[in-house]
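Here the structure is laid out as structure tokens; the discussion comes afterwards.
The values are calculated or read from the model by the stated rules, or taken from the named source; none is laboratory data. Here the structure is a predicted model, which is why all the values come from computation and not from measurement. Virtual Cβ from ideal backbone geometry, glycine too; neighbours counted across all protein chains shown. Heavy atoms of the whole protein, side chains included, go into the accessibility calculation; ligands, DNA and RNA do not. Shrake-Rupley method; radii C 1.70, N 1.55, O 1.52, S 1.80 Å.
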Amino acid sequence: METINSKATVKQILLEAKSVLNQKGANAFITVLHHTLLKKKVRFPLLEYAAKEIASTIPYAEQISITDQIIELKEIGSQVLAGIILQQRLSQGFQQSISKACDYIQFGDEWYVCDIIGERVLGYALLSTPDKAIPLLRQLAIHEDKWIVRAVGVATHYAVKKGLATVFVAPVFDILLSLAGTTDFHTKKGIGWGAKTVARFHPDIIDRYHSNIASSETKQWFKTKVRIGLGRSKKNDTNNHS
């Protein structure tokens, strides 16, 4: 598989794709993107750059039609492109972007699809607009689809790691704790990931929830993830003071 590792190459591909878009329309544009970009080995930061360029090229009203087609290609890069385009739309179309992200996660039906889109859309939404995102995550936490529930943990991991304001971390951890009794493998992975990251960056919040975590209703897998996170937090403190 050919590797693309320069922004200049990506830029050239996008120029050609834009020319095809103007001359032949969206379907031809998608075909060019597929063969020249998505079928290649491209690092995620370059795909994210490409997605932002595409979002600035395609008229707003036509973007969802484009992301629908990109997702249907089922390439790993498809998730990155669609995720970032949806991310760019959060400020104007918050509900639609979240809804589409959930559709794409369910359509992909794989852990990596959930994680790629979950971080870039739900995670970014939580980080940038927590007041709007937290009530939404609370709803998604009781969704019937395991991937959507997993995405709540993925979003928490992303936002907390990127510096989510402390005041919002406790209510998000509260959502994770409500899922600490789940037995589904994939859900546990996502929720546990989020819990571990909260414990790593905010051990004081974990202290507040000590009795809840210690409860017999909280499964051992959740307690283990919290313990691992706390362990990493202590190591960080040691490193910072050495």
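Some notes on this structure:
- For the range 23-54, a residue qualifies if it is over 19 Å from GLU72 (Cα atoms), without any contact (Cβ under 8 Å) to a residue 12 or more places away in the chain and under 26 Å from the mean Cα position of the chain (by Cα), and exactly one does: PRO45.
- Considering residues of the range 118-149 that are in a loop (DSSP other than H, G, I, E, B) and of a type in the set (A, V, I, L, M) only, the residue least open to solvent (accessible area, probe 1.4 Å): ALA141
- Counting the residues of the range 150-176 that are outside any helix (DSSP H, G or I), among the aliphatic types (A, V, I, L, M) and surrounded by fewer than 23 Cβ atoms within 10 Å (Cβ to Cβ) gives 1.
- Selected residue (criterion: surrounded by the most Cβ atoms within 10 Å (Cβ to Cβ)) from residues of the range 57-67 that are within 19 Å of ALA101 (Cα to Cα) and touching a residue at least 24 places away in the same chain (Cβ under 8 Å): THR67
- Counted residues, the range 182-231 - those being modelled with pLDDT of 95 or more, more than 20 Å from PHE168 (Cα to Cα) and of a type in the set (Asp, Glu): 1
- Cross-chain or 6+ apart pairs with Cβ under 8 Å, the range 189-206 first and closer than 10 Å to LYS225 by Cβ, then of a type outside the set (Lys, Arg) and not in a helix (DSSP H, G or I): ILE191/LEU179; ILE191/ALA180; ILE191/THR182; ALA195/ALA180
- Taking every residue in the range 216-229 that is over 11 Å from ALA195 (Cα atoms) and pairing it with any residue that is open to solvent by 40 Å² or more (accessible area, probe 1.4 Å) and not small (Gly, Ala, Ser), at least 6 positions away or on another chain, the pairs with Cβ-Cβ distances below 7 Å are THR218/ASN212.
- Residue in the range 9-22 that is small (Gly, Ala, Ser) and in contact (Cβ under 8 Å) with a residue 12 or more places away in the chain present: yes
- Qualifying positions in the range 179-216 - touching a Ser or Thr at 6+ places or on another chain (Cβ under 9 Å) and farther than 16 Å from TYR158 by Cβ: LEU179, ALA180, GLY181, LYS188, PRO203, ASP204, ILE205, ILE206, ASN212
- Residue satisfying all of: in the range 1-52; surrounded by 14 or more Cβ atoms within 10 Å (Cβ to Cβ) and hydroxyl-bearing (Ser, Thr, Tyr); farthest from GLN69 (Cα to Cα) among these: THR9
- Against the numbered list (1) open to solvent by 50 Å² or more (accessible area, probe 1.4 Å); (2) of a type in the set (Asp, Glu); (3) touching a residue at least 40 places away in the same chain (Cβ under 8 Å), ASP115 comes up short only at (1).
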